[in-house]
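S.K.: Quick one: this structure, given as structure tokens, is what I'll be asking you about.
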Amino acid sequence: RAVVRMRSSALALSLAALLAAASGHALAPRHAAAAAIRPLMRHAAVTASAKPTQPQTVRDVAPQSVPAKLASAMAVPAAFLALFSGLPAEAAVPGADAVPSAVAAYGHYLGLVLVTLALGTERILIKEDMTEKEFDLMANADILYGLAGTLMTYTGYLRVTQYGKGWEFYQHEPIFWVKIVLFSVLGAASFFPTTKIIQLAVSKRNPETPYKPMSPKLVARMTTILNGELSAILLIPLTATLMARGVGYADWLPWQAPAGLVAVTLFGLGGKYIKEALDWSEDEAGVKATFSDSS
């Protein structure tokens, strides 16, 4: 009977440990829950392994009961659950802003997909012998690119300031700033193709204003820029996954330094690309032509 009572006590303590572990993840950090459970685990282990001090005969020893077997089997898993498993508190109990947070995250991911789709479309269509319909499609893709980039910027701002880990975390995360610099390069580089597409679209709509179609030189330059944009956008998801896990987090990092780099990247490169597009000239004499209608 003594053995049964002791092993039943171990079962109760093991169950208590499991419940404490589960509640600890929702109400406190993992290390606090583990600290509260360790005494229970030690007591359960001692109780489960205790032996009677008086000699017993075979008839006096009761067969091991089901509760005792469960106690022995659950002691170790309970300890591991308490110490090594866990989910953040906000995942256990949804907050009042769960739906707005999900909508903001969805908008951010959707914007990334649309930006990639628009850039890919422009990269496929850009060529010297582009038809009028192909040019119109590329112009529409560039409009989509601008709208999707705006969506990414707005929803990203919401996630940083309201729905994500909070500004207190992101401002000290270097990889977050790497992501913002990449996004700034993406936006600044797009000023050149957008400017040239607008110029050609305006010329195309006005029959009285002659215009030059895309020359081999312009096609090559836009292709290079589009390739660079696609490379930057492929790196953005990688930086997002790393920063979300706190890789490289540094309390000492002042946010003003990387923010200054972002501003220099965006406005410096942006101004450079706009100026290059406005001052663009061909090396060889261009031949005035119009876009041929596609069949």
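S.K.: Can we say LYS179 is at pLDDT 90 or above and charged (D, E, K, R)?
M.R.: In short, yes.
S.K.: Still on this model: Testing LYS69 on (1) at pLDDT 80 or above; (2) of a type outside the set (A, V, I, L, M); (3) surrounded by fewer than 13 Cβ atoms within 10 Å (Cβ to Cβ), one condition comes back false. Which one is that?
M.R.: So LYS69 meets the others, but not (1).
S.K.: Inspect the range 173-190 for any residue being among the aromatic types (Phe, Trp, Tyr) and within 25 Å of ALA277 (Cβ to Cβ) and give the result as yes or no.
M.R.: yes
S.K.: Let me ask you something else. Among the residues of the range 253-271, write down those that are touching a residue at least 40 places away in the same chain (Cβ under 8 Å) and either basic (Lys, Arg) or not in a helix (DSSP H, G or I) (or both).
M.R.: LEU253, TRP255
S.K.: Right, here's the next one. So in the range 167-180, with the set limited to residues that are among the hydrophobic types (A, V, I, L, M, F, W, C) and surrounded by fewer than 19 Cβ atoms within 10 Å (Cβ to Cβ), which one is nearest to ALA259 (Cα to Cα)?
M.R.: First, pick out the residues of the range 167-180 that are among the hydrophobic types (A, V, I, L, M, F, W, C): 167, 169, 175-178, 180.
Then drop every residue that is not surrounded by fewer than 19 Cβ atoms within 10 Å (Cβ to Cβ), which leaves 167, 169.
On the way: TRP167: 13, PHE169: 15 Å.
Taking the candidates together, the pick is TRP167.
S.K.: Right, something else. Quick one: how many residues across the range 155-166 are part of a helix (DSSP H, G or I) and loosely packed, with under 14 Cβ neighbours inside 10 Å?
M.R.: Counting residues in the range 155-166 that are part of a helix (DSSP H, G or I) and loosely packed, with under 14 Cβ neighbours inside 10 Å gives 3.
Okay, residues lined up against (1) in a helix (DSSP H, G or I); (2) more than 36 Å from the chain's Cα centre (by Cα); (3) at pLDDT below 85:
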position	(1), (2), (3)
LEU200	yes, yes, no
GLY228	yes, no, no
SER231	yes, no, no
GLY248	no, no, no
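S.K.: Any idea which residue in the range 124-142 is farthest from ILE197 (Cα to Cα), counting only those that are modelled with pLDDT of 90 or more and open to solvent by 80 Å² or more (accessible area, probe 1.4 Å)?
M.R.: Top of the filtered list is ILE124.
S.K.: Let me ask something additional. Taking the condition of being buried (at least 20 other Cβ atoms within 10 Å of the Cβ) and either free of Cβ contacts under 8 Å to residues at least 24 places away in the same chain or closer than 21 Å to GLY156 by Cβ (or both), how many residues in the range 195-234 meet it?
M.R.: Residues meeting the conditions: 1.
The values are calculated or read from the model by the stated rules, or taken from the named source; none is laboratory data. Because the structure is predicted, anything quoted here is derived from the model rather than measured. Methodologically, a virtual Cβ is constructed for each residue, glycine included, from the backbone with ideal geometry; neighbour enumeration extends over all protein chains shown. Surface accessibility is based on the protein's heavy atoms, side chains included, excluding ligands, DNA and RNA. Shrake-Rupley method; radii C 1.70, N 1.55, O 1.52, S 1.80 Å.
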